[in-house]
Amino acid sequence: MIRSRVPAVILAALVLCIKPDCAEAFQSHPAPEGLYVHQIAHVVFMIAMGFLAYWLQYNQLIRERGWRLIQLACLLLILWNVVAFVGHWVETHIPDASVLGEPDWSQRIRIDLHPLIPLYYMLKLDHLVSVPAMIALFLGVRSLYKQALAEEHHFDE
Amino acid sequence: MNDSYPLAPVWFVDVVGSSLVIVFAFLAVMYAARLARIQKSSLIWTYMLWLCTALALFGLSRGVGHIAKRFLLMTDMRDVWVSLRPYSGGINTVAFVLVASITLFFQRVQKINREILQDKKALETASREVMHLNRNLESVVQERTDELSRSEQKFRRIFESSMDVIFILDDNGRFLDVNPAGISTLGYDRDLLVGQMGLNDLCTSGEAYASLFQELHTTGFVKDRECLFLARNGSELHLLLSATIRRGESGETLNYEGIAKDITSRVQMERQLQQADKLASLGQISTGIAHEINNPLGIILGYTQLLLREQAPASQMHDDLKTIEKHTRNCKGIVEDLLKFSRSTAIRKIPFDVNGSLAEVISLLAHQFELDKIDIRTNLDVTIPKITGDAEKLKQVFMNLLMNARQAISGKGEISVTTRRNGDSVDISISDTGSGIAPQVMNKIFDPFFTTKPVGEGTGLGLSVSYGIVQDHNGHIEVESRSGKGSTFTVILPLIEQSEAETTI
């Protein structure tokens with residue numbers, strides 16, 4: 001099967017060498033693609049966290065405190081993904097001129113240039129969601145560790 | 001300025017939040033690593049380590065990017081940030097996808113982990129049991145051995161002490177084991193019986209054996225089947241046999257197990273009762289006939305003798321009358337025998353010496369037997385006491401039995417006469433090496449007028465009369481015979497106390 005295709009592959013290679021402009025081997029990727037990929041990654045991240053939260057519930061693992069906290073981390077990360085996704089979208093509609101001053105602690109943002117700017121301002125505070133998510137993850141794993149440690153001691157005794 | 005918000009809080013939250021995300025993400029990694037370390041065999045903790053690491057990478061890529069951005073912009077290095085920005089965003093996007101990819105394996109990992117834990121639990125349980133067994137193996141084995149021994153002893157006791165014959169046969173019908181009652185009943189040594197002989201060696205009839213095994217193979221068992229076997233001493237054994245066949249998984253015969261009850265005594269007693277009933281009926285008929293015929297015969301004999309006195313001895317009439325007289329006397333003899341059989345004649349019982357009576361009868365017949373080349377061997381027990389009975393009548397019984405024995409022997413032969421005390425009775429056995437009695441006529445030999453002799457040579461009353469006499473003495477006659485080997489007639493007479501002597505029936 002493979003051997004029968006070898007002549008066809010060689011012929012195609014020769015044609016490309018002679019007339020490469022018709023090959024269309026790759027297409028160009030202009031600027032918005034990066035944002036789209038990032039937004040898609042946010043959606044995938046969100047779906048994955050949703051699955052994890054559901055599986056923890058389905059497998060009845062949330063009866064233990066550690067897994068309950070990890071489920072909370074999942075839900076907060078979903079929320080964070082929503083915030084970030086909307087934030088990225090809103091950012092594309094905000095005019096660059098809305099930010100005033102040098103990029104230091106005195107910098108401000110005008111809210112009269114676009115109605116979405118107040119929302120953008122709030123969405124930029126996304127760490128208020130992601131930090132509790134990471135704290136919940138940390139506390140959950142630590143709780144599981146302590147539980148496992150207690151079980152190990154109990155077993156040793 | 002009223003239409004603008006300060007961005008300082010945003011930058012502050014951004015920098016501090018990014019730092020905290022990194023810190024907590026790595027703390028989570030640290031605890032996940034500890035978890036994976038203390039429970040190395042747990043796949044779920046390994047997975048958690050991977051997930052936390054991926055989230056830490058996500059937090060790191062994002063946090064470092066945000067902090068770097070803020071730092072570079074504030075230090076007037078916008079160009080640097082512009083060149084780093086695509087990498088920061090790209091790495092951040094890859095981190096998202098990495099976290100999502102790892103997360104989506106959770107259910108599979110959880111399922112595998114659950115199976116591993118179940119297997120582990122099963123292994124641990126099995127291991128504990130093995131350890132427990134190892135620790136207690138000796139005592140467990142001892143306990144089981146004791147239980148087995150108790151069980152074996154229980155069934156062995158039943159096997160050993162049973163009064164019935166219990167046996168096990170192999171698939172060829174040969175004895176694998178027989179209990180002591182079986183050894184005693186059959187009369188064979190265990191070594192001779194087990195492994196050497198089969199049930200067919202004991203069966204009197206091949207047909208009966210074949211029928212027995214056919215039923216066993218057809219129905220799987222036989223229940224209360226009356227079978228006739230031969231003991232080692234040649235005596236017949238009537239056994240009530242129940243047996244089962246034991247088959248293997250593929251239906252092949254493994255062995256046969258059976259239990260048999262010796263009912264020989266019961267069968268003999270039933271036969272004797274039947275014989276007694278039959279003879280009682282015949283006796284009543286015979287008595288009537290004998291009385292009716294005896295008187296006319298007396299008259300015929302009387303008138304014949306009167307006529308004889310008037311005839312000259314050498315005349316034809318005299319000879320004819322003599323013939324009439326002779327046959328009339330024969331007829332009277334038969335009638336008298338009938339009367340004896342029907343016990344209508346008086347019996348006078350007094351103590352007498354059985355051995356002495358036998359010696360008298362033997363001395364009477366010895367000369368005749370010598371001429372017929374028949375040896376008489378006697379084995380008389382001198383210790384047996386006198387018995388109470390009619391000596392003359394019993395001599396007649398012995399005479400009949402000895403004459404029958406002589407007639408059973410064609411040519412040279414031997415007759416053995418044995419007496420012995422057997423508890424409360426005396427056994428008088430008369431054995432011959434003659435032709436024996438055919439099984440089909442065995443139950444008729446005591447019937448009046450039954451004879452195997454040619455017409456005119458025997459009346460067929462000898463044994464029936466003997467039977468009647470012995471019965472009058474509260475005894476009985478047993479017969480053992482093997483066709484072609486000879487017969488043994490045993491007269492069994494009870495020992496009666498002296499105080500009961502001198503009675504007359």
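The values are calculated or read from the model by the stated rules, or taken from the named source; none is laboratory data. Values in this document were obtained by computation on a predicted structure and should not be read as measured data. Cβ placement follows ideal geometry from the backbone for every residue including glycine, while neighbour counts extend to all protein chains displayed.
B:GLU115 fulfils the conditions (1) at pLDDT below 90; (2) farther than 30 Å from A:CYS74 by Cα; (3) of a type in the set (Asp, Glu) except for a single criterion, (2). Taken together, the residues in the stretch B:144-183 that are in contact with a helix residue (DSSP H, G or I) (Cβ under 9 Å, 6 or more places away or on another chain) and among the acidic types (Asp, Glu) amount to 3.
So, B:TYR31, is that one out of contact with any Ser or Thr (no Cβ under 7 Å at 6 or more places or on another chain), buried (at least 19 other Cβ atoms within 10 Å of the Cβ), within 10 Å of chain A (Cβ to nearest Cβ) and of a type outside the set (D, E, K, R) or not? Answer is yes for this residue.
Among the numbered conditions (1) farther than 26 Å from B:GLN471 by Cα; (2) at pLDDT 85 or above, the only one that B:ASN233 does not meet is (2).
Looking only at residues in the stretch B:195-241 that are part of a strand (DSSP E or B) and acidic (Asp, Glu), the one that is nearest to the chain's Cα centre (by Cα) is B:ASP224.
Taking the criterion of being at the interface with chain B (Cβ under 7 Å from one of its Cβ atoms), closer than 14 Å to B:TRP11 by Cα and surrounded by 15 or more Cβ atoms within 10 Å (Cβ to Cβ), the residues of the stretch A:101-157 that qualify are A:PRO103, A:GLN107, A:ARG108, A:ILE109, A:TYR121, A:LYS124, A:LEU125, A:HIS127.
Can we say B:LYS332 is without any contact (Cβ under 8 Å) to a residue 60 or more places away in the chain, exposed (fewer than 13 other Cβ atoms within 10 Å of the Cβ) and at negative phi? Here the answer is no, as B:LYS332 does not meet what is asked.
When B:LEU7, B:LEU20 are screened for being in contact with a His (Cβ under 9 Å, 6 or more places away or on another chain), within 7 Å of chain A (Cβ to nearest Cβ) and either under 28 Å from B:VAL109 (Cβ atoms) or surrounded by 18 or more Cβ atoms within 10 Å (Cβ to Cβ) (or both), only B:LEU20 passes.
Residues checked against (1) of a type in the set (Asp, Glu); (2) closer than 27 Å to B:GLY462 by Cβ; (3) in contact with a Lys or Arg (Cβ under 8 Å, 6 or more places away or on another chain):
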| site | (1), (2), (3) |
| --- | --- |
| B:ASN255 | no, no, yes |
| B:GLY258 | no, no, no |
| B:ASP262 | yes, no, no |
| B:SER286 | no, yes, no |
| B:ILE299 | no, no, no |
| B:GLN305 | no, no, no |
| B:CYS331 | no, yes, no |
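If you check A:ALA84 against the conditions, is it over 16 Å from B:HIS66 (Cβ atoms), within 17 Å of the chain's Cα centre (by Cα) and surrounded by 17 or more Cβ atoms within 10 Å (Cβ to Cβ)? No.
Answer yes or no: is there a residue in the stretch A:68-82 that is in contact with a strand residue (DSSP E or B) (Cβ under 6 Å, 6 or more places away or on another chain) and more than 8 Å from chain B (Cβ to nearest Cβ).
Step one: filter the stretch A:68-82 for residues in contact with a strand residue (DSSP E or B) (Cβ under 6 Å, 6 or more places away or on another chain), giving none.
There is no residue in the stretch A:68-82 that is in contact with a strand residue (DSSP E or B) (Cβ under 6 Å, 6 or more places away or on another chain) and more than 8 Å from chain B (Cβ to nearest Cβ).
Scan the stretch B:244-268 residue by residue and report those that are within 12 Å of B:VAL165 (Cα to Cα) and without any contact (Cβ under 8 Å) to a residue 60 or more places away in the chain. Don't jump to the end; show me each part of the working.
As a first pass, look at the stretch B:244-268 and keep what is within 12 Å of B:VAL165 (Cα to Cα): B:257-263.
The one that is within 12 Å of B:VAL165 (Cα to Cα) and without any contact (Cβ under 8 Å) to a residue 60 or more places away in the chain: B:ILE263.
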